[in-house]
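This report concerns only the one structure given below.
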Amino acid sequence: MSTRQIVQHRKLAHDKERNKTVQADLPLYPEQASNFAMSVDGLMAYITAVCAFFAIAITAAIIYFFFKYRRKHPGEVGVPIHGDMRLETAWIVVPLFLALTMFGWGAVVYVDFRRAPMDTLDIYVIGKQWMWKIQQPTGLREINELHVPVGRNVKLILASEDVIHDFSVPAFRVKMDVVPGHYNTMWFRPTKAGRYHFFCQQYCGTNHALMGGWVTVMEPMEYAAWLSGSSEATANPVLAGEKLFAEKACNTCHVTNGTGRAPSLNGVYGANVLLADGSAVTADDAYLRESILNPQAKIVAGYAPLMPSFQGQLTEEQIIDLTSYIKSLQSQPVPTKGSGVAPATGKK
Amino acid sequence: MSATPAAVNQMPREHYLNATWGIRSWLLTTDHKRIALLYLASVTFFFFIGGAFATMIRIHLLSPKGLLVTPETYNKLFTMHGVAMIFFFLIPSIPAVLGNFLLPIMIGAKDLAFPKINLLSWYIYLVGGCFVLYSFSTGGLDTGWTFYTPLSSVYSNSAVTPAVLGVFINGFSSILTGLNFIVTVHTMRAPGMTWFRLPLFVWAQYATSIIFILGTPVIAITLLLAGLERVFHLGFFNPALGGDPILFQHLFWFYSHPAVYIMILPAMGVISEIIPTFARKPIFGYSFIAGSSIAIAVIGFFVWAHHMFVTGESTYAALTFSLLSYLVAIPSAVKVFNWTSTLYKGSISYDTPMLYALGFIGLFLIGGLTGLFLACLGLDIHLHDTYFVIAHFHYIMVGGAVMGYVGGLHYWWPKITGKLYPEFLARIAAITLFLGFNLTFFPQFILGYLGMPRRYASYPPEFQVLNVMSTAGASILALGYLLPMIYLTWSMRYGAIAGPNPWPGTGLEWRTPSPPPTENFDVTPEVTWEPYDYDNRPDLGLDVSGAPALAHGDD
């Protein structure tokens, strides 16, 4: 409760200072501060132009007809015209063509948004009624504040502790729902330093409107300085994850050298894992999360479905800690036997 | 109208309103016209309730911090506004009031195919309405009208269960009405009333009925599942119980997107009646308008996941649903082009229903075109769940559906009551509505593009100017709604006597007295003319094209 009040106070203070610049003139679009801003605004301009053309043309025709063909005397009837095949064809084909161009362009932008590039800075975002908890790659935690460097591809891994939320940054023109039960991801590349609103954009209960904050886009140097400067607030997620790994007795089966009842987790993060049904899957955050909460969903080839579910026993943050720990094992040597990792020779 | 010798209009001695007397004769009536009036009273009641909530919402949003109520209450206001307006006003409005009254008369039938089921559907509506009112008055409802899980099924502390039951029960009223309409259109058309002589209003009702029957069971079962999860903790949608919250959205929108067409298709039907009457010429492209109604009803079932582009649904699903959403826009465009072309070389009068019809085209145009923005995948990641969406669907549902409904009420008011409303006041009201509506909702498009999220009880101060504009517009809009309520009620007693065909219109409903007798027609009519065919209707007393010289001579 008190955290929220503090955040609110801070937010109001920022609002006031920001107000001076924004309210002076009535803007028609928010600031353009990410790689998506230009393409979304371009789409907006294109569709607005096409629609405005038709809206104005049709309205003008209606107004013209309305006055030109007004009834001259009470008994007058109109000229019986029942239709025209050429016109009907034209106004089916032309709008269809234009609609398809809108679809195509929109699809290009969307596919770009849904496919994050490889070299991203991964930041965890957890939504809960009614606040955002954010964890930087170093483990630095923030509440209702997100700091990112300019020019770097940033991927947000979104999780919810309760209901559906939505992380939205109008200045970046992006948003993604934060759905309990699985991870969603979104990415963007900030292009302009500054402070921008982010909002919860999926209605989530009483204080939905207060569930927002600020994205601070910083120059890379500043960002690095900020990360190291605020080290006192840093909880080391790898250490926390390692502790949890022992507490929950994960280490009794997932033995590092591959001799346990479960595969070694060395090098598994980001690798291809062979499954019992013959398929393979990339071990990303979502896969690890699913394997912790619902282990029966994907069984590693050569192993029995023994692992119990940890559904309801871990918070989203603890899952992220565990994931961070498993991630830290990425560079550890993969045992030749007793790992789910597909042999490097198997695929290119 | 005015100078013709037979102009001394008289009310018929006996008609459906005075055929029997007493409260029982209304509550146990099986006359579709009386049932329509029962619906008129009840949907108007819910419109008032929903309108009161809307008024409070707009007053609250005058100030960035919220002027009127707590966030909790605000959330209840917009939820209850949505539930009352969508499920208990918009969906039943045109079908259950105007459709009920007119559909049998327009096809030359004595009543609907199942008159008792028709009455039953009104009672079911009432029972559903009582549940919802119970929810509103005992804790309210704060889930959003969309009832998204797990907020509704687990986390909300408001009266969700009775509300969900109320909407569930109300669904059966829609299903029965749809069934009744479909059977009636198939089996009870008068001799000579072929499918392609059907008034376009009937085509629209028929298309709507298809959606009623196919879609409503899905929302009914979906809300029931959410209720079961809430009460008995069965894991359908709650991930903690192994459910999937996104499944709810698929099921919900599978109905609720077509439900948008339930609201707009009948209004399109009304407009397709009004425009030929007041342009006094056949409608341009009859079969294209009729066919586009069916196309909308069918394609409308395959676009639901465009409400879910940012839920994390698969990219391929998003691509498919975006493409299909663009396809469903085409039949709507076809209608607009055909209505506009109907005006060409017409004999256009400025009567009130025509003002509503033209206002409808203008507002529906904006509502429909902004749908193209939201169907666009790349743009939707910015616009989704902002005020842009609010503005878009209010242009469709209020600018479209409500303008159609109020326009239709004016057009058929003389038929329903036998009386004329005061024309001058009515024109003022129509213009007030149009201007007030635009001032209310157009600023919200800009708010949305600036990023203001919907369902916010408070907002950053930079959004205030546009919110104040919107509230100013809403007060004009409210005036625009109050005026017709007053003068239409007034006219029931004091209005001038209308006569059977004041405009005149070409449909069968205008060939029976106003108000019609209980059996609608004294003799079963036989249809020998094409729809909206003013040229071959000497019975209307107009200067048909057979005498063009006369028309020129008058100039």
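The values are calculated or read from the model by the stated rules, or taken from the named source; none is laboratory data. Bear in mind that the values here come from a model prediction, so they are computed numbers and not experimental data. In this analysis, Cβ positions are derived from the backbone assuming ideal geometry, glycine residues included, and neighbour counts consider all displayed protein chains.
State yes or no: is B:Val334 hydrophobic (A, V, I, L, M, F, W, C), farther than 27 Å from B:Gly473 by Cβ, touching a Ser or Thr at 6+ places or on another chain (Cβ under 7 Å) and surrounded by fewer than 24 Cβ atoms within 10 Å (Cβ to Cβ)? Yes, satisfied. Screening region A:97-117 for residues that are within 7 Å of chain B (Cβ to nearest Cβ) and of a type in the set (Gly, Ala, Ser) and picking the one that is surrounded by the fewest Cβ atoms within 10 Å (Cβ to Cβ) gives A:Ala107.
Each row is one residue, and each column tells you yes or no for (1) crowded, with 20+ Cβ neighbours inside 10 Å; (2) of a type in the set (A, V, I, L, M, F, W, C); (3) farther than 29 Å from A:Gln202 by Cα.
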| residue | (1), (2), (3) |
| --- | --- |
| B:Ser209 | yes, no, yes |
| B:Gly227 | yes, no, no |
| B:Leu234 | no, yes, no |
| B:Phe237 | yes, yes, no |
| B:Gly242 | no, no, no |
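Within region A:159-175, the set of residues being over 23 Å from A:Gln32 (Cβ atoms), more than 7 Å from every other protein chain (Cβ to nearest Cβ) and crowded, with 24+ Cβ neighbours inside 10 Å comprises A:Ala159, A:Ser160, A:His165.
With respect to B:Leu327, determine if the residue is facing chain A (nearest Cβ under 10 Å), more than 30 Å from A:Lys175 (Cβ to Cβ) and not small (Gly, Ala, Ser).
On the way: facing chain A (nearest Cβ under 10 Å): yes; more than 30 Å from A:Lys175 (Cβ to Cβ): no; not small (Gly, Ala, Ser): yes.
It is false that B:Leu327 is facing chain A (nearest Cβ under 10 Å), more than 30 Å from A:Lys175 (Cβ to Cβ) and not small (Gly, Ala, Ser).
Please tell me if A:Pro170 is under 16 Å from the mean Cα position of the chain (by Cα) and modelled with pLDDT under 95.
Working: under 16 Å from the mean Cα position of the chain (by Cα): yes; modelled with pLDDT under 95: no.
Judged against the criteria, A:Pro170 is not a match.
Within region A:177-194, which residues are in contact with a Lys or Arg (Cβ under 9 Å, 6 or more places away or on another chain) and over 17 Å from B:Asp244 (Cβ atoms)? Selection gives A:Thr185, A:Met186, A:Trp187, A:Phe188, A:Arg189, A:Pro190.
Do we find a residue being assigned to a helix (DSSP H, G or I), acidic (Asp, Glu) and farther than 30 Å from B:Leu409 by Cβ anywhere in region B:226-245?
Taking region B:226-245 as the starting set, the residues that turn out to be assigned to a helix (DSSP H, G or I) are B:226-232, B:239-241, B:245.
If we keep only those that are acidic (Asp, Glu) as well, we get B:229.
Those left that are additionally farther than 30 Å from B:Leu409 by Cβ: B:229.
The answer is yes, given that some residue of region B:226-245 is assigned to a helix (DSSP H, G or I), acidic (Asp, Glu) and farther than 30 Å from B:Leu409 by Cβ.
Here are B:Leu363, B:Leu372: which of them is closer than 19 Å to A:Val50 by Cα and in contact with a Cys (Cβ under 9 Å, 6 or more places away or on another chain)?
Working: B:Leu363 fails: in contact with a Cys (Cβ under 9 Å, 6 or more places away or on another chain).
One residue alone meets the criteria, B:Leu372.
Regarding region A:6-13, can at least one residue be identified that is touching a Pro at 6+ places or on another chain (Cβ under 7 Å) and either at pLDDT below 95 or not assigned by TED's automatic domain parsing to the domain that holds A:Leu210 (or both)? No - not one qualifying residue is present in region A:6-13. Filtering region B:134-165 to residues that are without any contact (Cβ under 8 Å) to a residue 40 or more places away in the chain and either within 12 Å of chain A (Cβ to nearest Cβ) or part of a helix (DSSP H, G or I) (or both) leaves B:Tyr134, B:Ser135, B:Ser137, B:Leu151, B:Tyr155, B:Ser156, B:Asn157, B:Pro162. Residues in region A:112-119: is at least one more than 16 Å from A:Phe188 (Cβ to Cβ), modelled with pLDDT under 95 and of a type outside the set (Gly, Ala, Ser)? No, the conditions are met nowhere in region A:112-119. Test each condition in (1) under 29 Å from B:Leu542 (Cβ atoms); (2) more than 10 Å from chain A (Cβ to nearest Cβ); (3) among the hydroxyl-bearing types (Ser, Thr, Tyr) for B:Thr320 and report the one that comes out false. Going through the list (1) under 29 Å from B:Leu542 (Cβ atoms); (2) more than 10 Å from chain A (Cβ to nearest Cβ); (3) among the hydroxyl-bearing types (Ser, Thr, Tyr), B:Thr320 breaks only (1). Taking the stated definitions as given, is A:Gly194 more than 19 Å from the chain's Cα centre (by Cα), away from every other protein chain (no Cβ under 12 Å) and without any contact (Cβ under 8 Å) to a residue 60 or more places away in the chain? No. Looking for something in contact with a Lys or Arg (Cβ under 8 Å, 6 or more places away or on another chain) and outside any helix (DSSP H, G or I) - is there at least one such residue anywhere in region B:370-384? Checking region B:370-384: at least one residue is in contact with a Lys or Arg (Cβ under 8 Å, 6 or more places away or on another chain) and outside any helix (DSSP H, G or I).
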